[in-house]
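**Student:** Could you have a look at this structure, given as structure tokens, before my questions?
All of the numbers you see were taken from the coordinates with simple rules; none came from a lab. Keep in mind it's a predicted model, so treat the numbers as computed, not measured. A quick note on method: Cβ atoms are made from the backbone with ideal geometry, for glycine too, and the neighbour counts reach across all protein chains shown.
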Amino acid sequence: YQIVLMLIYNGCRISEFLNLKKENVHLEEQYFDVIASKTENGLRKVPIADKVLPFYKAWYEGSQCEYLLHTPDQKHFDYRNYYDSYFTPLMEQLGYDQTPHCTRHTCVSMLTEAHVDQTTIKKIVGHSGAMTLTERVYTHLDIETLVEAINKI
């Protein structure tokens with residue numbers, strides 16, 4: 001369940017999160033860098049919410065694997081392994097019919113309900129392609145602002 005909660009609180013694509021290497025995780029500053037994404041706009045700094053920071057620390061410190069998330073035998077999670085072995089059984093146990101991508105929608109919905117402005121939401125989830133020219137040129141949100149926003153949910 002930890003990975004699902006981490007996804008809900010970061011708005012990442014599942015592929016971005018499964019491919020996250022520890023070297024790109026900055027626990028003290030509460031963010032991680034997405035350096036490989038489906039889109040150029042997806043390359044970004046993603047805030048880590050206080051509520052799930054202990055999960056990040058446990059995964060980070062709990063193995064020698066170069067990836068933050070890993071199988072019990074310290075191997076890199078590929079999507080199919082994660083989906084079939086962990087995500088699907090959890091959804092069945094909870095009685096939900098969801099996909100990992102639904103966590104992105106949940107994150108955006110929760111941020112919207114918490115009255116976080118759309119520019120900040122787009123920055124967090126990597127939708128800067130949907131930003132106006134003014135937002136792209138004149139908006140430079142620092143990581144503290146993004147952490148503050150994600151902590152509203």
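**Student:** Here are several values of mean projected area of the Cα convex hull in nm²: (1) 10.7; (2) 8.9; (3) 12.3. Which one was derived from the coordinates shown?
**Tutor:** The value matching this structure is (2).
**Student:** Let me ask another. Based on Cβ point charges of +1 for Lys and Arg and -1 for Asp and Glu, what charge dipole magnitude is obtained for the chain about its Cα centre, in debye rounded to the nearest 20? Before the final figure, lay out the partial values.
**Tutor:** Numbers: 15 positive and 20 negative charges, 56 e Å.
With Lys and Arg at +1 and Asp and Glu at -1, about 260 debye.
**Student:** Relative contact order, percent, of the chain when contacts are C-alpha pairs under 8 Å separated by at least 6 residues?
**Tutor:** 33
**Student:** Could I ask something else about it? Per the Kirkwood definition applied to all pairs of different Cα atoms, how many angstroms is the hydrodynamic radius of segment 46-98?
**Tutor:** Values: mean 1/r = 0.0792 Å⁻¹.
With all distinct Cα pairs of segment 46-98 included, I get 12.6 Å.
**Student:** Using only the Cα atoms of segment 12-68, what do you get for the radius of gyration and for Dmax, in Å?
**Tutor:** 11.0, 31
**Student:** Cross-chain or 8 or more residues apart, Cα under 12 Å: how many lysine pairs in the chain fit that? Count them up, please.
**Tutor:** Working: LYS22/LYS57; LYS45/LYS122; LYS45/LYS123; LYS51/LYS152.
Final tally of qualifying lysine pairs is 4.
**Student:** Stretched out fully, how many nm does the piece from ASN24 to LYS152 gain, at 0.36 nm a residue minus the Cα gap?
**Tutor:** 43.7 nm
**Student:** Could I ask something else about it? Show me 16-23, 63-70, 78-85 ranked by packing, highest mean number of other Cβ atoms within 10 Å first.
**Tutor:** Put in order of decreasing packing, that is 16-23, 63-70, 78-85.
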